[in-house]
Amino acid sequence: MNKRGEPYDLQLIIDTFLNYAKSNKLLSVITPEKEYKNMHLEKVTFDRNTDDGIDQIYAELSFLEVKQVNNAYTNVRLNKKVGRGRQQPTEKSLLQGVKELLF
């Protein structure tokens, strides 16, 4: 994005972008092709080119889309955990493990 204007106006734009980058406010970004809603301004960089004069500023803006969801609460009851106590291996399974180790 670039903007041409008086130094006061350009400073106002810089301050506004930096404040949005620090905040958690969600923005709508409107381009000629599409409108992007729920966008967070993540990063801002500014540049001025001496060839174009001091009355023009270039800004690079990076946005991150924040997905909005609705919480759904239900009254589901969970079964209680049933303890089965300690389980001892059977003699057959114990012998099978020994056979696998030996052979």
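Points worth noting:
- So ASN38, is it touching a residue at least 24 places away in the same chain (Cβ under 8 Å) and within 17 Å of the chain's Cα centre (by Cα): yes
- In this entry, THR16 is excluded by the filter for residues that are at pLDDT 75 or above, polar (S, T, N, Q) and part of a loop (DSSP other than H, G, I, E, B).
- Qualifying positions in the range 1-11 - charged (D, E, K, R), touching a residue at least 24 places away in the same chain (Cβ under 8 Å) and either in a helix (DSSP H, G or I) or surrounded by fewer than 10 Cβ atoms within 10 Å (Cβ to Cβ) (or both): GLU6
- Screening the range 51-67 for residues that are small (Gly, Ala, Ser) and closer than 18 Å to ASP9 by Cα and picking the one that is surrounded by the fewest Cβ atoms within 10 Å (Cβ to Cβ) gives GLY53.
- Boolean, LYS92 is part of a loop (DSSP other than H, G, I, E, B), at pLDDT below 80 and farther than 21 Å from TYR8 by Cα: no
- Only a single item in (1) among the hydrophobic types (A, V, I, L, M, F, W, C); (2) at pLDDT 85 or above; (3) in a loop (DSSP other than H, G, I, E, B) is not met by ILE54, and it is number (2).
- Test: residue in the range 12-28 that is surrounded by 11 or more Cβ atoms within 10 Å (Cβ to Cβ) and at positive phi: no
The values are calculated or read from the model by the stated rules, or taken from the named source; none is laboratory data. These figures come from a predicted structure and were not determined experimentally. Note that we place each Cβ from the backbone using ideal geometry, even for glycine, and neighbour counts take in every protein chain shown.
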